[in-house]
Amino acid sequence: MAKPKIGIYGLTGCGGDQLMILNLENELLDLLRNVEIVAFQEASSVQQDEEVDIAFVEGSVSTELDLERLKDVRKRSRMLIAIGDCAIGGCVQAMRNQEMTMKEKMEEVYGKGEEYFKVLEPYGLSKYVNVDLELQGCPIETTEIRQVFLSLLHGDTPEIKDYPVCVECKLNEYQCLLVDKGMPCLGPIIAAGCNARCPGLGIDCVGCRGPIMNETNAAEELHTLLEKGYDERYIENRLRFFGANFEGILKLSKMLREKTGGARGK
Amino acid sequence: MMENVFLPKLAKIVKNEKMTAMEHFLRLQLLDKKTAEEFQYNLGQFIEISIMGVGEAPFSICSMQNQKYLLDLCIRSGGRVTSAILRLGEGSLVGVRGPYGNGFPLKEMEGSNLLLVAGGLGVAPLRSILQYSLKNRAKYRDITFFYGIRTYDTMLFRDEFNSLLAGGDESGCKFYLSYEDPKDEQCLLLEAEYSDRCMSGVVSKLFERTEISPKDTYAIICGPSIMYKFVGQELTKRDVPPERILISLERRMRCGIGKCGNCIIGDGSSIRYVCKDGPVFTYWDALHTKGMI
Amino acid sequence: MTSESLDAFVNNLETYGKIYGPVKTGESCSFQEISQSKEMALNYSRTMIPPKKFFLKLKERMFIFDERECEYEETLEDGKIVVFGIHPCDIYALKLMDKIYLDKNPDKYYQMRRENATLIGYSCHPDEYCFCQSQGTNYAVDGFDLFLHELKDKFLVRIGSEKGNKIASENSKFFMDVESSDIQEFREAEGKREKEFTLKLAINGLTDMLALSYESDVWKEYADKCFGCGSCNLVCPTCRCYDVVDNVNMDLKSGERQRMLNSCMLKKHGLVYGGKNFRPTRVERLRNRFNCKGSLREDMMNCVGCGRCTVYCPSKIDYVEVLRRVRGEL
């Protein structure tokens, strides 16, 4: 059987997800033996714009150039996998989405009357093209990308974890930081896959893997943390940091905006 | 050494044949002769098939136990395990555990009329009963088979059922076919030829075509979950007692033996494991167990 | 047995396997391996993860496979353990687990570990979350090898099995005959303990109350609060659902089958082929969980009143409160 052709591409993002593929280090060569890489932006200057079996795309669509490149990649790939939060929900770039316009944002950062890129409000890939699989994380986990590679090479659809970090905490018998210590842990609504790395180190989950698709009870997270004495704006910011474009959090933000009549501090 | 029920037994694929766009017919032969001989199953029981590196999923057996060591299954693609099975060639090995579940009470049904109502893939376990009852024809009175399909293309075991249609009552069974797509050309042709036995509509419409004698009939329904409610109601309307209406359920089953808990249904007064208390239940159970249908 | 003998007795238990006992870990407690009795926090209220973890592991490899050899191979680890300090509720929970995992199709992993384990119970005092008295699980009648009841300066020790009897006779130097004054003290201590329970739940007829409340709004109301995080299941001593995955190695030919505890509050629990989910939202999942816990499956209460699900629920869903709502008491 011919080796599957793989392309690894990056849009607007930090490159961390591609780096996690490189971080497979010891197993990387074994893995690459089974595939043909035609593009790997972060690892090689070779860039062949040919058809691929699987395209891995990291980064959000934040410029018109991103969008153009994404559409091109989609056209010539059989399967498109979004890797990392940027490519799924826009991640940190999107944290002020819908709170202010792009023009306002650009002016705030670069000042009035400057020349900018042709920017778009940051979103994940699925807003524009059909995405076959989404691998959450900021960045993605090496263990997960490894398992995705192996599943695909084995001929199967990879299984993505769609349960919260709480499950991994319990399976590892990590102390509950939310219940026992009253820390502002986002574990109950954030997708697992990190093996609860932070809670295992005593650090409350900041939500870097993004909320669980279609399952996020953001309103209850707000309520729970309010009860523990945290400030509403602080909680909202914490939720929006990685997850501003996720349905549950969008809804919550909208509700909070309506409550305060749109008069939100920056 | 204690037996490990979770360790699959190896079986060879002796046939992996495409039946429709979605379904394959799969015939397995257990490798170990002793295991194969001991592998006695009741009709309506299921097995767990393992594909190394992919996982395990439950499938009901679709033939009666007639050829030693052979297990016939009907596999619909779509899931991880099913897709993996479909790409395996003849001669490949898979893992098998089972048989599990209760199966149909064939003994108890002796001397009665049988009404088998199948929808879509639900035809698989019912085919085994049809085979058995035709083979043991004297033990049962009237045998009626309702089969609901979407289009002709999705019809499983086409040759077998076509010959039942063509054979009429001579085949030993009154076979009725319903199809959902009223424009399906091949079905229209069938209907033109066998107008009394073939009609467009959902499977419960077939009740318009035949008389049911409620006192001595066992009805067995198998199909998508929505079907149980409608067919169950039709049968109840015709006074078939709910305890003589049998249904076979589908649920997520990781173990098949009442451990993993994924198939639990019911309310506080009626918690059931579909895998070990079922998969065959009565319509009475369904009426008294919340969430069953 | 005198209180002073406890250290020496626990030391001697090494003969019967690695000793595990309740150890303080931050604000909560966990059964961990210990070498001396003083490492244990024997006045603990509850561990987050119940002792089921010794028998149905939180995560475990079931077997390995190799496609080239067409082989499934068992990988069972073995080893004797002593679990010291189990409370009555957790003993009842293990009795229920036994009924499920040691039925006519016994689970070999569970069975081996169960046979290799010695269970030593330890008396406790209820806190505001304990309602084992209501569930009838506050006094372990059997299901243990030895049970230590803490009295003023001694322990009254009950023997619950042949294994326990053997341990007692091999360690007879620690044990004294029971005197009538001991019995009197025990009786008083138990009587006092019975009065310490503040949280109560009426369980008679609960199974039917649950059935009758199947369409109740209570489920929707609590489902709005629920995260669907699965914590309640994972900390429950009687929740026994697990999920299974196959992991392939880099050679794409060999790998392992692994199972891990699962939760009926998670999306995939009711999912079957083709995307059909029998419990699509938290409403159905929450209702299913409470109905399962409130049932008499295996002829036993499926909840032992340990209070863990209430304590560890991040959104503070109170198990007893929900069921009192179901009963119409609140």
Can you list the trypsin sites (Lys or Arg not before Pro) in region C:111-219 that are in a DSSP coil and have 13 or fewer other beta carbons within 10 angstrom?
C:152, C:195, C:200
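Could you work out the relative contact order of region B:171-293? I mean the mean sequence separation of Cα pairs under 8 Å and 6+ apart, divided by the number of residues, in percent. Don't jump to the answer; show the numbers that get you there.
Numbers: 164 pairs, mean separation 23.2, N = 123.
Over region B:171-293, the number comes to 19 percent.
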Relative contact order [Cα under 8 Å, 6+ residues apart], chain C, whole percent
21 percent
Separation of region B:232-262 and region A:229-252 by C-alpha centroid, Å?
44 Å
Do any of B:215/B:290; C:293/C:316; B:290/C:220; C:195/C:293; A:181/C:18; A:181/C:267 go past 20 Å between their Cα atoms, and which?
B:215/B:290; C:195/C:293; A:181/C:18; A:181/C:267
Against the longest alpha carbon principal axis of chain B, how many degrees, from 0 to 90 and to the nearest 10, is the axis of helix B:123-135 turned?
70 degrees
How long are the three semi-axes of the equivalent ellipsoid for region B:9-100, computed from the Cα gyration tensor as the root of 5 times each eigenvalue, in whole Å, largest first?
19, 14, 12
Using the Cα gyration tensor of region C:206-326, with a ≥ b ≥ c the square roots of its eigenvalues, what is the shape: rounded (a/c below 1.5), prolate (a/b larger than b/c) or oblate (neither)?
prolate
Cβ-Cβ cut-off under 9 Å around residue A:181, Lys and Arg +1, Asp and Glu -1: the net charge is -3
Return the calculated 222 nm mean residue ellipticity for chain B, to the nearest 500 deg cm²/dmol, obtained by summing -39500 (n - 2.57) across DSSP H runs with n ≥ 4 and dividing by the residue count.
-6500 deg cm²/dmol
In whole angstrom, how far apart do the alpha carbon centroids of region A:2-21 and region C:78-126 sit?
48 Å
How far is helix B:158-167 tilted off the main Cα axis of chain B, in degrees rounded to 10, range 0 to 90?
30 degrees
Averaged over the residues of C:308-316, the number of partner chain Cβ atoms within 10 Å of each residue's own Cβ comes to 4
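Are there any trypsin sites (Lys or Arg not before Pro) in region B:71-179 that are in a DSSP loop and have at most 12 other Cβ atoms within 10 Å? List them by number.
B:107
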Check residue B:198: other-chain or 5+ apart residues with amide H under 5 Å from its amide H, H built from backbone geometry?
B:177
In terms of modelled amide H atoms, which long-range or inter-chain residues lie less than 5 Å from the amide H of residue B:119?
B:148, B:222, B:223
Where the centre of each part is set by its Cα atoms, how far does region B:116-177 sit from region B:86-104, in angstrom?
23 Å
What number, rounded to the nearest 500 deg cm²/dmol, is the helix-based mean residue ellipticity at 222 nm of chain C, given -39500 (n - 2.57) per DSSP H run of at least four residues and division by all its residues?
-8500 deg cm²/dmol
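Other chains' Cβ within 10 Å of C:43-53 residues: what's the mean?
So the per-residue partner count for this stretch is 1.
Of all beta bridges DSSP finds with both residues in the protein assembly as shown, what is the antiparallel percent, to the nearest 5? Don't jump to the answer; show the numbers that get you there.
On the way: 71 of 124 bridges.
Taking every DSSP beta bridge within the protein assembly as shown, about 55 percent pair in antiparallel fashion.
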Can you compute the label reach from residue C:141? Point 7 Å from Cα along the Cβ direction, backbone N cut-off under 13 Å, restricted to region C:293-320.
C:300-301
Over region C:206-326, what is the mean sequence separation of C-alpha contacts under 8 Å (at least six apart), divided by residue count, expressed as relative contact order in percent?
33 percent
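Considering only DSSP states other than H, G, I, E and B, which trypsin sites (Lys or Arg not before Pro) in region A:70-131 qualify as loop sites with at most 11 other Cβ atoms within 10 Å? Display every interim value, and only then the final one.
Numbers: sites: A:71, A:74, A:75, A:76, A:78, A:96, A:103, A:105, A:112, A:118, A:127; in loops: A:76, A:96, A:112, A:118.
Those that pass, being in a loop and sparsely packed, are A:112, A:118.
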Set of lysines with alpha-carbon distance to residue A:5 below 30 Å, sequence-local pairs under 8 removed:
A:71, A:75, A:127, A:161, B:18, C:253
Volume per residue of the C-alpha convex hull in chain C, rounded to whole Å³
167 Å³
Which net charge results when you count Lys and Arg as +1 and Asp and Glu as -1 among the other residues whose beta-carbon is under 13 Å from that of residue C:34?
-1
Residue with peak Gaussian network fluctuation, chain C [Cα springs, cutoff 10 Å], from C:119, C:146, C:102:
C:102
Given charges at beta-carbon only (K, R positive; D, E negative), |dipole| of the protein assembly as shown in Debye:
1200 debye
Given 10 as the ceiling on other Cβ atoms within 10 Å, longest exposed-site-free region of chain A for GluC sites (Glu not before Pro) in DSSP loops
A:116-266
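Read-outs throughout are calculated quantities, based only on the coordinates presented, and are distinct from any laboratory measurement. Quick caveat: nothing in here was measured; it's all calculated off a predicted structure. Cβ atoms come from the backbone with ideal geometry, glycine included; neighbour counts cover every protein chain shown.
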